[in-house]
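Each reported figure results from applying straightforward, stated rules to the coordinates on display, with no laboratory input. These numbers were taken from a predicted model, which means no experiment stands behind them. In this analysis, Cβ positions are derived from the backbone assuming ideal geometry, glycine residues included, and neighbour counts consider all displayed protein chains.
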Amino acid sequence: MGEDDAAASDSWPAISTGSASVLDDVQQLKGLTFETARRHITAEFGAPVWESLMAALPRHTQALFKEANINDWYPESEMRRFIHVLHDKLAEGNDERFLEIARGLAMAGINRFFRMILNLASAGFVLRKVPVLWTRLRRGPAKLRAEVTNDGRVLIHYEDFRYCRDPLYRLLSIANCQALVLAATDRLPQAEVIDCTRTTMTLSFRLPA
């Protein structure tokens, strides 16, 4: 692990502007997520807003969002760059606003057929399926595990995920899980980070009654 990666893991990370490395390819994200982000932000906020977000990113990241094949895999580090710009510019640094925008992105990624299935599922069921859904959109060393506690909460445990120390990625992970529950129940579960290390974290969700 290089010095830049170690520093990013142990502090509030800045947006990387360096070229991609082998390490960048360890955790990958399906091109569908990049395409969904482009379409959703453009539809919801307008093309000028999308262009302003792209202008704040390195050229190779801009090209990826423009040309990504929905079935191919790309470095998750590129999405991380975008998420930081999204928080800074569109959410104007407001975490609650960022969560709202991120939930909208996640909801946009749930296609019509999958949403029909979710409408028949409970909040607990869809949260327990988060590890399965993760493998559909991501590949790499990270592993997820769901746990139901005695008091009815659902815990999502992340292991070997390089972005656990990034506070925006923790918010993004919460928003992604909340979006699934919203799609299934039209209600928002309470969420919090109850544990976090350099490469692990645990999210807790209290299900709506």
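Bridgeable lysines around residue 30 (alpha carbons under 21 Å apart, same-chain partners fewer than 8 residues away excluded): 66, 129, 143. Sorting 166-175, 37-46 by average packing, meaning the other beta carbons within 10 Å per residue, from highest down gives 166-175, 37-46.
Here's the picture: a label point sits 7 Å out from the Cα of residue 186 along the beta-carbon direction, and within region 125-143 the residues with their amide nitrogen under 20 Å of it are 125-127. Annotation: average projected area of region 22-206 is 10.1 square nanometres, based on the convex hull of Cα atoms across all directions. Selection among 40, 106, 121 by position relative to the dipole of region 28-139 gives 121 as farthest towards the positive end (Cβ unit charges, Cα centre).
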